[in-house]
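Colleague: Structure in C-alpha coordinates, see below.
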Amino acid sequence: MPRCLVRTGTRAGTATTNLDRRTKNSVGQSASTLILLAILALPIILIVSKQRAMKREIAQVQSQLALGAEVMTHSGVFGTIRALREEQVELEVAPGVVMRWARAAINRVVSRVDEDATEGSPSTDTDQT
(Lines give C-alpha, C1' and ligand atoms only; values in the text may rest on other atoms or scores of the structure.)
Protein backbone atom coordinates (compact mmCIF):
# COMPACT_ATOMS: atom_id res chain seq x y z
CA MET A 1 0.00 0.00 0.00
CA PRO A 2 1.51 3.29 -1.07
CA ARG A 3 1.99 5.98 1.51
CA CYS A 4 0.25 9.19 0.90
CA LEU A 5 1.82 12.47 1.97
CA VAL A 6 -0.56 15.16 2.97
CA ARG A 7 0.53 18.74 2.68
CA THR A 8 -0.81 21.00 5.33
CA GLY A 9 0.68 24.21 4.13
CA THR A 10 2.62 25.84 1.43
CA ARG A 11 6.35 26.07 1.33
CA ALA A 12 6.24 29.65 2.50
CA GLY A 13 4.10 28.61 5.45
CA THR A 14 6.49 25.80 6.31
CA ALA A 15 9.45 28.16 6.10
CA THR A 16 7.74 30.55 8.49
CA THR A 17 7.01 27.73 10.91
CA ASN A 18 10.63 26.56 10.80
CA LEU A 19 11.77 30.15 11.35
CA ASP A 20 9.48 30.44 14.37
CA ARG A 21 10.88 27.19 15.77
CA ARG A 22 14.45 28.38 15.24
CA THR A 23 13.67 31.71 16.91
CA LYS A 24 12.10 29.98 19.92
CA ASN A 25 15.07 27.61 20.18
CA SER A 26 17.59 30.47 20.01
CA VAL A 27 15.69 32.40 22.69
CA GLY A 28 15.67 29.29 24.87
CA GLN A 29 19.38 28.75 24.27
CA SER A 30 20.12 32.40 25.06
CA ALA A 31 18.19 32.18 28.33
CA SER A 32 19.96 28.99 29.35
CA THR A 33 23.31 30.52 28.42
CA LEU A 34 22.57 33.58 30.57
CA ILE A 35 21.56 31.39 33.50
CA LEU A 36 24.75 29.34 33.12
CA LEU A 37 26.88 32.50 32.99
CA ALA A 38 25.14 33.87 36.08
CA ILE A 39 25.80 30.63 37.96
CA LEU A 40 29.47 30.75 36.96
CA ALA A 41 29.85 34.47 37.71
CA LEU A 42 28.30 34.34 41.19
CA PRO A 43 31.22 32.60 42.95
CA ILE A 44 33.69 34.92 41.23
CA ILE A 45 31.76 37.97 42.40
CA LEU A 46 31.59 36.62 45.96
CA ILE A 47 35.33 35.90 46.04
CA VAL A 48 36.20 39.36 44.72
CA SER A 49 33.92 41.11 47.21
CA LYS A 50 35.38 39.09 50.09
CA GLN A 51 38.92 40.03 49.01
CA ARG A 52 37.95 43.70 48.87
CA ALA A 53 36.50 43.51 52.38
CA MET A 54 39.70 41.86 53.65
CA LYS A 55 41.84 44.56 52.03
CA ARG A 56 39.72 47.27 53.69
CA GLU A 57 40.06 45.54 57.05
CA ILE A 58 43.85 45.21 56.67
CA ALA A 59 44.14 48.87 55.70
CA GLN A 60 42.06 49.84 58.73
CA VAL A 61 44.29 47.83 61.09
CA GLN A 62 47.44 49.29 59.51
CA SER A 63 46.09 52.82 59.93
CA GLN A 64 45.47 52.19 63.65
CA LEU A 65 49.07 51.22 64.36
CA ALA A 66 50.70 53.75 66.67
CA LEU A 67 53.48 53.79 69.24
CA GLY A 68 52.28 52.32 72.53
CA ALA A 69 49.32 50.43 71.04
CA GLU A 70 48.88 46.82 72.12
CA VAL A 71 48.52 44.49 69.13
CA MET A 72 48.18 40.80 68.32
CA THR A 73 50.04 39.15 65.46
CA HIS A 74 48.56 36.49 63.18
CA SER A 75 50.42 33.85 65.19
CA GLY A 76 48.84 35.04 68.44
CA VAL A 77 51.77 36.95 69.96
CA PHE A 78 50.65 40.00 71.97
CA GLY A 79 52.93 42.99 72.30
CA THR A 80 53.18 46.75 72.59
CA ILE A 81 54.46 48.74 69.62
CA ARG A 82 57.79 50.39 70.47
CA ALA A 83 58.91 51.40 66.95
CA LEU A 84 57.15 51.76 63.60
CA ARG A 85 58.93 51.60 60.28
CA GLU A 86 57.63 51.44 56.73
CA GLU A 87 57.65 47.63 56.52
CA GLN A 88 58.47 46.58 60.10
CA VAL A 89 57.19 46.97 63.65
CA GLU A 90 59.09 46.43 66.87
CA LEU A 91 56.94 44.81 69.56
CA GLU A 92 57.77 44.61 73.23
CA VAL A 93 56.39 41.20 74.20
CA ALA A 94 57.78 41.20 77.76
CA PRO A 95 59.60 43.83 79.82
CA GLY A 96 62.88 44.43 78.00
CA VAL A 97 62.15 41.89 75.22
CA VAL A 98 61.64 43.57 71.84
CA MET A 99 60.91 41.56 68.70
CA ARG A 100 60.96 42.81 65.11
CA TRP A 101 57.90 41.86 63.00
CA ALA A 102 56.68 42.61 59.51
CA ARG A 103 53.80 45.11 59.57
CA ALA A 104 51.69 42.65 57.58
CA ALA A 105 51.97 40.17 60.47
CA ILE A 106 49.86 42.40 62.73
CA ASN A 107 46.38 40.89 62.89
CA ARG A 108 44.52 43.36 65.10
CA VAL A 109 44.89 46.24 67.50
CA VAL A 110 43.91 45.07 70.99
CA SER A 111 44.00 48.48 72.67
CA ARG A 112 44.82 51.85 71.24
CA VAL A 113 47.04 54.46 72.82
CA ASP A 114 44.19 56.89 73.60
CA GLU A 115 42.15 54.10 75.33
CA ASP A 116 45.13 53.19 77.53
CA ALA A 117 45.77 56.81 78.44
CA THR A 118 42.19 57.45 79.59
CA GLU A 119 41.66 54.13 81.40
CA GLY A 120 45.06 53.64 83.03
CA SER A 121 45.96 57.14 84.14
CA PRO A 122 44.90 58.38 87.57
CA SER A 123 42.80 61.50 87.79
CA THR A 124 44.86 64.70 88.06
CA ASP A 125 42.03 66.70 89.64
CA THR A 126 42.63 65.28 93.11
CA ASP A 127 44.47 67.65 95.46
CA GLN A 128 46.53 65.81 98.10
CA THR A 129 47.49 68.60 100.52
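The values are calculated or read from the model by the stated rules, or taken from the named source; none is laboratory data. The model shown is predicted, which means the values in this text are computed figures rather than measured ones. Here Cβ is always computed from backbone atoms with ideal geometry, including for glycine, and neighbour counts include all displayed protein chains.
Colleague: Could you please let me know if ALA15 is modelled with pLDDT of 55 or more, part of a helix (DSSP H, G or I) and not assigned by TED's automatic domain parsing to the domain that holds ALA104?
Modeller: Values: modelled with pLDDT of 55 or more: no; part of a helix (DSSP H, G or I): yes; not assigned by TED's automatic domain parsing to the domain that holds ALA104: yes.
It is false that ALA15 is modelled with pLDDT of 55 or more, part of a helix (DSSP H, G or I) and not assigned by TED's automatic domain parsing to the domain that holds ALA104.
This table checks each residue for (1) at pLDDT below 90; (2) not assigned by TED's automatic domain parsing to the domain that holds MET99.
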position: GLN29; (1), (2): yes, yes
position: ILE35; (1), (2): no, yes
position: ILE45; (1), (2): no, yes
position: ARG52; (1), (2): no, yes
position: LYS55; (1), (2): no, yes
position: ILE58; (1), (2): yes, yes
position: VAL71; (1), (2): no, no
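Colleague: Any residue that is under 15 Å from SER111 (Cβ atoms) and in a helix (DSSP H, G or I) - is there at least one of those in region 65-86?
Modeller: No, the conditions are met nowhere in region 65-86.
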